[in-house]
Amino acid sequence: MTSSRYAALLRGINVGGAKKVPMAELRAVLTGLGHSDVRTYLQSGNAVFTSASGADEGALAAELEAALQRHFGFPVDCLVRGGPYLRAVVDACPFPAAELEPKQLHVTYLSEPVTEDRFASVDRAAFLPEEFRLGDRVLYLYLPDGMGRSKLADVLARPALFKGVTATSRNWNTVVKLAEMAQANTP
């Protein structure tokens with residue numbers, strides 16, 4: 001059986017003192033699930049690992065969510081994405097990433113594909129120069145003044161827009177770093 005590299009993206013941890021998940025413990029949980037070469041990035045719930053299980057991304061995410069619930073006693077939504085997918089997200093960016101400051105570009109990873117009609121209620125022109133574009137299970141966000149000051153990001157964070165979909169955002173530096181980490185040592 002061949003091994004594959006993946007990134008686990010945890011949603012809503014280590015924010016404002018809630019849902020504390022120390023990265024050393026996250027690494028231990030992933031290792032306990034039989035994964036190897038586990039590395040974390042930052043404190044915001046990013047881990048890269050190698051798995052020989054042959055399980056798909058959804059099964060790996062469900063397994064990790066169950067293990068985190070057992071270990072920490074609270075639910076944590078997780079997305080798991082393979083190395084080639086993460087590289088494709090970087091390569092498909094519709095905005096000129098090389099010309100922008102990393103704080104201006106974000107990616108919201110989605111648990112499943114969504115269509116443009118989900119965002120029909122968003123008056124895109126009202127938020128210019130802020131923009132978003134839909135990709136393969138991602139939203140690319142161009143936010144000239146960053147996520148913290150973005151009115152568009154506030155609108156896109158409304159639960160109704162993502163009903164039934166897990167969504168978690170990362171800044172461009174993290175997007176690129178996770179893609180690099182998930183490609184390293186790939187068989």
Selection from the stretch 134-148 of residues that are assigned to a strand (DSSP E or B) and either on the phi > 0 side of the Ramachandran plot or in contact with a His (Cβ under 6 Å, 6 or more places away or on another chain) (or both): L141
Extreme residue, nearest to the chain's Cα centre (by Cα), among residues of the stretch 109-125 that are open to solvent by less than 30 Å² (accessible area, probe 1.4 Å) and over 19 Å from Y6 (Cβ atoms): V114
Residue match in the stretch 15-34 (condition: within 16 Å of the chain's Cα centre (by Cα), in a strand (DSSP E or B) and either among the charged types (D, E, K, R) or closer than 18 Å to V138 by Cβ (or both)): no
Residue pairs meeting the criteria (Cβ under 6 Å; at least 6 apart or on separate chains; first in contact (Cβ under 8 Å) with a residue 40 or more places away in the chain and within 18 Å of G12 (Cα to Cα), in the stretch 22-51; second among the charged types (D, E, K, R) and open to solvent by 10 Å² or more (accessible area, probe 1.4 Å)): Y41/K177; V48/R39
Odd one out for A98, checked against (1) of a type outside the set (D, E); (2) open to solvent by less than 60 Å² (accessible area, probe 1.4 Å); (3) free of Cβ contacts under 8 Å to residues at least 60 places away in the same chain: (2)
Test: residue in the stretch 149-170 that is without any contact (Cβ under 8 Å) to a residue 12 or more places away in the chain and under 19 Å from G45 (Cβ atoms): yes
Restricting the stretch 47-67 to residues that are touching a Lys or Arg at 6+ places or on another chain (Cβ under 9 Å) and over 25 Å from L139 (Cα atoms), the residue that is surrounded by the fewest Cβ atoms within 10 Å (Cβ to Cβ): T50
Residue among R87, R70 that alone is open to solvent by 10 Å² or more (accessible area, probe 1.4 Å), modelled with pLDDT of 95 or more and either of a type in the set (D, E) or under 15 Å from the mean Cα position of the chain (by Cα) (or both): R87
Residue count for the stretch 1-38, restricted to those that are charged (D, E, K, R) and open to solvent by less than 60 Å² (accessible area, probe 1.4 Å): 1
Single match in V76, V107, V122, V89 (criterion: in a strand (DSSP E or B) and among the aliphatic types (A, V, I, L, M)): V107
Condition check for V114: of a type in the set (A, V, I, L, M, F, W, C), in a loop (DSSP other than H, G, I, E, B) and closer than 22 Å to V155 by Cα: yes
Residues (open to solvent by 70 Å² or more (accessible area, probe 1.4 Å), part of a helix (DSSP H, G or I) and of a type outside the set (D, E, K, R)) located in the stretch 149-164: P159, A160
Criterion violated by T186 - all others in (1) in contact with a Lys or Arg (Cβ under 6 Å, 6 or more places away or on another chain); (2) modelled with pLDDT of 95 or more; (3) of a type in the set (S, T, N, Q) satisfied: (2)
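The values are calculated or read from the model by the stated rules, or taken from the named source; none is laboratory data. Fair warning: this is a prediction, and the values are worked out from it, not measured in the lab. Note: ideal-geometry Cβ built from the backbone for every residue, glycine included; neighbour counts use all protein chains shown. For accessibility, only protein heavy atoms count, side chains too; no ligands or nucleic acids. Shrake-Rupley method; radii C 1.70, N 1.55, O 1.52, S 1.80 Å.
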